[in-house]
Amino acid sequence: MSSLLHHLFTSGQFIPHGHCYLWKPGLVWLHILSDGLIALAYYSIPLLLVYIVRKRGDLPFDWIFLLFGSFIIACGTGHLLEIWTLWHPMYWLSGLVKAVTSAVSVATGIVLVSLIPNILALPSPAQLEQANSRLKSEIKERQQIEAQLRSQEYWLNTLIDAVPDVVNMKDGEGRWLISNQEGLKLFQLEGVDYQGKTDAELEAYTEFYQEALFGCQESDERTWRGETISHHEEEIPLSDGSTKKFDVTKVPLFNPDGSRKGIVIVASDITERKQVEAALRDSVARNRAFIQALPDMLFQIGGDGMFMDFQAPREDALAMPPSHFLGKSVWEVLPTELAEATMYNVSKAIATGETQVYEYQMSSLDGNLHRL
């Protein structure tokens, strides 16, 4: 080892390289300046390559830059030794540096040849510019589509908010997608970030929520599984202890490819209508009880001559049950002359609004003649 180092760092019987130039100052300085500048450039280039690799972590084949840097440093060292050997003939050291340079150069060339297919596959600046232009066009088109979707969503929300009924939309997992203001008001979810949440996740927002939606959840699942329109009435308790009745329609919702999306729920408040219907039924029952208490017969005849109602406390006298009149016209039940007289008085009563009083005779089913 010491012998090798002695050969590398001693001059031996060699003469300095400057003797080849006859120590002519112009020639010597020409080589000094040329080799010095080349060495300076060779040492600065690897520093720039290392800087680029560190700043651009996304560079492909970044290690090839380091290999190039090693090759260039070896070349620069060779040029420095060219200057050194002008006065110190350490030609073994100079040759060793050249050998190292040649090894690194050959290795760099081999690696570079193997990388040619991958390097050629890299997109050119023109291709990158073209791809960037396409990307900008796609982004602009997507932004236009998104703007259209936002506009459609705005008008859809405006439309369903204008509907006086409750309108909700849920997906197949029971997560809320859309609700209009009536729906949010009913379930006390105004100001709540309800979208994407299930009924169970929304229970914490209202005390009565679970009780109110228990029946709704069951019908939601039936509509989702059955893939058919569900139409029924639901009674929902309110926070003040009262209840409301709703006429509910639930429709399964499908994607364009036929897969199930969820359900649309439309609920109309029919509380007042049900109250009016109940009051009307009570009124009709009271009126019928009053009519049935009358001692006389009562006929209700339409403008077309059809018997619509018949009360006969004196049924025993006429021996005619209600079925003899109801659903039939005066022409079917009464003699022609009596039917004509009856229709004349009915038409006159309808036209004038005045009470018509007249008498007529009618035969009962047992053949007896009665004056009415």
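The values are calculated or read from the model by the stated rules, or taken from the named source; none is laboratory data. For clarity, every value in this text was computed on a predicted model and none was experimentally measured. Quick reminder, even Gly has a Cβ in these numbers, built from the backbone with ideal geometry, and neighbours come from all protein chains shown. Areas reflect the complete protein model, heavy atoms only, side chains present, ligands, DNA and RNA absent. Shrake-Rupley method; radii C 1.70, N 1.55, O 1.52, S 1.80 Å.
Could you work out how far apart the two model spin labels at Ala285 and Asn345 are, taking each label as a point 7 Å from the Cα in the direction of the beta carbon, and quote it in nm? With each label placed 7 Å out from Cα toward Cβ, I get 3.4 nm. Here, P(r) means the percent of Cα pairs in each 5 Å bin from 0 to the largest distance; for the stretch 23-93 it is 3, 17, 20, 17, 14, 10, 8, 6, 4, 1, 0. Hey, for a label at Ser219 modelled as a point 7 Å past Cα toward Cβ, could you say which residues of the stretch 257-277 have their backbone N under 18 Å away? Residues 262-275 fall inside that zone. Between Leu115 and Lys98, the contour length at 0.36 nm per residue exceeds the Cα-Cα span by 3.6 nm. Sparse packing (at most 11 other Cβ atoms within 10 Å of the Cβ) combined with a DSSP loop state is found for the following GluC sites (Glu not before Pro) in the stretch 109-189: Glu173.
Once you list every other residue whose beta carbon is under 15 Å from the beta carbon of Pro16, what net charge do they have if Lys and Arg are +1 and Asp and Glu are -1? Summing Lys/Arg as +1 and Asp/Glu as -1 gives -1. Taking each residue as 0.36 nm, the span from Ala126 to Phe65 lengthens on full extension beyond its C-alpha to C-alpha distance by 19.6 nm. Between Arg150 and Lys328, the modelled label-to-label distance comes to 7.5 nm, taking each label 7 Å out from Cα in the direction of the beta carbon.
Put Ile45, Ile301, Ile263 in order of accessible area, highest first, and with a 1.4 Å probe you get Ile45, Ile301, Ile263. Here the extension length gained between Lys136 and Thr243 equals 32.9 nm, from 0.36 nm per residue of separation less the Cα-Cα distance. Shape analysis of the stretch 79-150 yields a ratio of the Cα radius of gyration to the Kirkwood radius, Rg/Rh, of 1.53.
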